[in-house]
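The values are calculated or read from the model by the stated rules, or taken from the named source; none is laboratory data. Model, not experiment: these values are computed from the prediction. All Cβ positions, glycine included, derive from the backbone under ideal geometry; neighbour counts span all protein chains shown.
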Amino acid sequence: MKARKPLVAGNWKMNGDIVSNEHLFTALRASLERASLPQVEVAVCPPYPYLGQAAAWLGDTGIAWGAQDVSAFGNGAYTGDVSAAMLVDLGCRWSIVGHSERRQLAGETDDQVAAKVSMCVAHGIGVIACLGETLEEREAGTTETVLGRQVDAIAASLVGAAQPLPAERIVLAYEPVWAIGTGRTASPETAQAAHRFVRERLVARGLHDAAAVRIVYGGSVKAGNAASLFAMPDVDGGLIGGASLVADDFLEICRAAAVA
Ligand code: 13P
């Protein structure tokens with residue numbers, strides 16, 4: 001068994017409604033209870049309007065819930081934003097920040113991602129900070145430059161915090177943009193190389209307990225490829241998009257993490 005407890009988190013993205021969520025919550029509760037996988041930490045991140053529904057359905061289970069994003073600002077005149085304090089109020093254990101869809105579609109910069117990490121740290125919310133290179137960047141041979149820049153911004157917020165998050169609440173998600181929603185999963189070796197690079201960079205930037213930080217992989221993780229990815233020494237679980245919307249598939253991925 002790995003020293004770091006694997007985390008499998010479902011990023012539901014902008015999917016679902018009250019009725020379909022209820023089915024998914026019910027199925028996840030039942031199947032994860034039956035499977036009993038204490039070796040894995042499991043979380044789901046539904047869209048904001050359904051976080052209260054997640055709390056109602058998952059509150060008495062071992063499944064955590066989290067948000068897909070958080071504001072870089074505290075409560076106030078920020079129309080459309082949702083603050084870290086509100087996420088705490090809703091019982092969120094986690095927030096994803098810096099997902100590539102937000103970096104690309106909403107133009108989020110490394111500095112904004114860093115500010116969001118700081119908000120999570122200040123409120124004690126576990127952070128799942130995403131990073132990853134585009135296909136063009138990989139083909140141009142600049143993967144490590146890009147990952148290094150992204151890690152540095154995240155690490156600065158973690159290291160500089162007055163009250164740092166404990167290592168078990170810090171997760172980095174390596175999500176190569178070319179693998180997200182494409183069915184083109186990174187090979188286990190490609191993922192391992194990136195994860196090792198990220199961990200070494202965290203150490204170099206002064207995150208002393210980087211060995212205890214989980215680095216999860218995201219990008220077309222399916223029931224059929226999860227085991228080989230999670231078998232890699234620095235792959236500590238997964239951030240799952242499409243497959244997290246199908247209870248049986250998500251359960252199989254959780255099982256794969258349990259035996260890794
Ligand atoms: P897919 O699993 O659908 O490729 O999405 C990955 C992802 O973006 C998780 O955050």
Scanning for something touching a helix residue (DSSP H, G or I) at 6+ places or on another chain (Cβ under 6 Å), away from the ligand (no atom under 16 Å from the Cβ), among the small types (Gly, Ala, Ser) and part of a loop (DSSP other than H, G, I, E, B), does the range 182-189 turn up at least one residue?
no
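Please find, within the range 143-181, the residue that is farthest from the chain's Cα centre (by Cα) out of those that are assigned to a loop (DSSP other than H, G, I, E, B) and hydrophobic (A, V, I, L, M, F, W, C). Before the answer, list the steps.
Applying the first criterion (assigned to a loop (DSSP other than H, G, I, E, B)) to the range 143-181 yields 160-166, 175-176, 180-181.
Keeping just the survivors that are hydrophobic (A, V, I, L, M, F, W, C) gives 161-162, 165, 180.
Values: 161: 20, 162: 23, 165: 16, 180: 13 Å.
Only one residue fits best here, namely 162.
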Give me a count of the residues in the range 1-38 that are modelled with pLDDT under 95, polar (S, T, N, Q) and surrounded by 13 or more Cβ atoms within 10 Å (Cβ to Cβ).
1
If you scan the range 97-136, which residues turn out to be within 11 Å of the ligand (Cβ to nearest atom) and within 20 Å of residue 201 (Cβ to Cβ)?
98, 99, 100, 128, 130, 132
If you go through 227, 223, the only one that is in a loop (DSSP other than H, G, I, E, B), within 16 Å of the ligand (Cβ to nearest atom) and without any contact (Cβ under 8 Å) to a residue 60 or more places away in the chain is 223
Sole residue being free of Cβ contacts under 8 Å to residues at least 60 places away in the same chain, within 21 Å of residue 237 (Cα to Cα) and within 19 Å of the chain's Cα centre (by Cα), chosen from 67, 72, 55, 9
67
Do you know which residues across the range 99-117 are buried (at least 20 other Cβ atoms within 10 Å of the Cβ) and farther than 17 Å from residue 48 by Cβ?
100, 103, 113, 114, 117
The range 230-260 - residue that is in contact with a Pro (Cβ under 6 Å, 6 or more places away or on another chain) and not in a loop (DSSP other than H, G, I, E, B) and, of those, nearest to the ligand (Cβ to nearest atom)
237
Residue match in the range 208-230 (condition: over 26 Å from residue 65 (Cβ atoms), buried (at least 21 other Cβ atoms within 10 Å of the Cβ) and modelled with pLDDT of 95 or more):
yes
Just one of 30, 77, 85 is without any contact (Cβ under 8 Å) to a residue 24 or more places away in the chain, out of contact with any strand residue (DSSP E or B) (no Cβ under 9 Å at 6 or more places or on another chain) and not in a loop (DSSP other than H, G, I, E, B); which is it?
30
Would you mind finding the one in 130, 92 that is in a loop (DSSP other than H, G, I, E, B), crowded, with 23+ Cβ neighbours inside 10 Å and touching a residue at least 24 places away in the same chain (Cβ under 8 Å)?
92
Scan the range 233-251 and report the pairs whose first residue is of a type in the set (Ser, Thr, Tyr) and at pLDDT 95 or above and whose second residue is within 12 Å of the ligand (Cβ to nearest atom) and not in a helix (DSSP H, G or I), with Cβ atoms within less than 6 Å and a gap of 6+ or a chain change.
244/10
Can you pull out every residue in the range 147-181 that is within 12 Å of the ligand (Cβ to nearest atom) and small (Gly, Ala, Ser)?
173, 179, 181
Could you please give the count of residues in the range 95-127 that are in a loop (DSSP other than H, G, I, E, B), among the small types (Gly, Ala, Ser) and either under 27 Å from residue 163 (Cα atoms) or in contact with a Phe, Trp or Tyr (Cβ under 7 Å, 6 or more places away or on another chain) (or both)?
2
